[in-house]
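The values are calculated or read from the model by the stated rules, or taken from the named source; none is laboratory data. Model, not experiment: these values are computed from the prediction. Glycine gets a Cβ as well: all are built from the backbone with ideal geometry, and neighbour counts include every protein chain shown. Accessible surface is based on the protein model in full, side chains and every heavy atom, while ligands, DNA and RNA are left aside. Shrake-Rupley method; radii C 1.70, N 1.55, O 1.52, S 1.80 Å.
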Amino acid sequence: MSPSKKDDIKEIKRIIEIATIAIPKERDARNFYLAAAEHSPGEMSQQIFQSLADQEEEHEARLKALIAMFEERLEALK
């Protein structure tokens, strides 16, 4: 295996590792915003916190897609 290929594999594994670590943080942030929305006194703040929670859910989905994409690349390199 060439040094370049080894470097690519190492980098892809690191990307997967970081994205995997980030997923629970996105979930925690989403839960935080959902709780904030639930305890907010007004409709405007509820909508803002719900919107932020939705964004965190989207971030999680993007991270999962990123992991899947890089896992495919990793398999192709092996």
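Relative to the longest principal axis of the chain, what angle (0 to 90°, nearest 10) does the C-alpha long axis of helix 43-77 take?
For helix 43-77, the angle is close to 10 degrees.
Once the Cβ-Cβ distance between E72 and E38 is put in as r, and R0 is 35 Å, what FRET efficiency do you end up with, to the nearest 0.05?
Once rounded, the FRET efficiency stands at 0.35.
Just the number please: accessible area per residue for the chain, 1.4 Å probe, all protein chains included, in Å².
Per-residue accessible area for the chain comes out at 73 Å².
Rounded to a whole number, what % of the accessible area of the chain do carbon and sulfur atoms account for, probe 1.4 Å?
Working: 3160 of 5720 Å².
In the chain, the share of accessible area belonging to carbon and sulfur is 55 percent.
Consider just the alpha-carbon atoms of the chain and return their Rg together with their Dmax, both in angstrom.
In Å, with Rg to one decimal and Dmax whole: 17.7, 61.
Hey, any idea what the orientation-averaged projected area of the convex hull of segment 14-57's Cα atoms comes to, in nm²?
Here the figure is 2.7 nm², rounded to one decimal.
Cβ under 14 Å from E71's Cβ, E71 left aside: what net charge do those residues give with Lys, Arg +1 and Asp, Glu -1?
After counting each charged neighbour, the total is 0.
If you place +1 on the Cβ of every Lys and Arg, -1 on the Cβ of every Asp and Glu, and leave all else neutral, what size is the dipole of the chain about its Cα centre, to the nearest 20 Debye?
Result for the chain is approximately 540 debye, rounded to the nearest 20.
Taking the dipole about the Cα centre of the chain, with the C-beta of Lys and Arg at +1 and of Asp and Glu at -1, give me whichever of P24, L66, A76 is farthest to the positive side.
A76
Hey, if we sort R14, R62, R30 by accessible area with the 1.4 Å probe, largest down, what's the order?
R62, R14, R30
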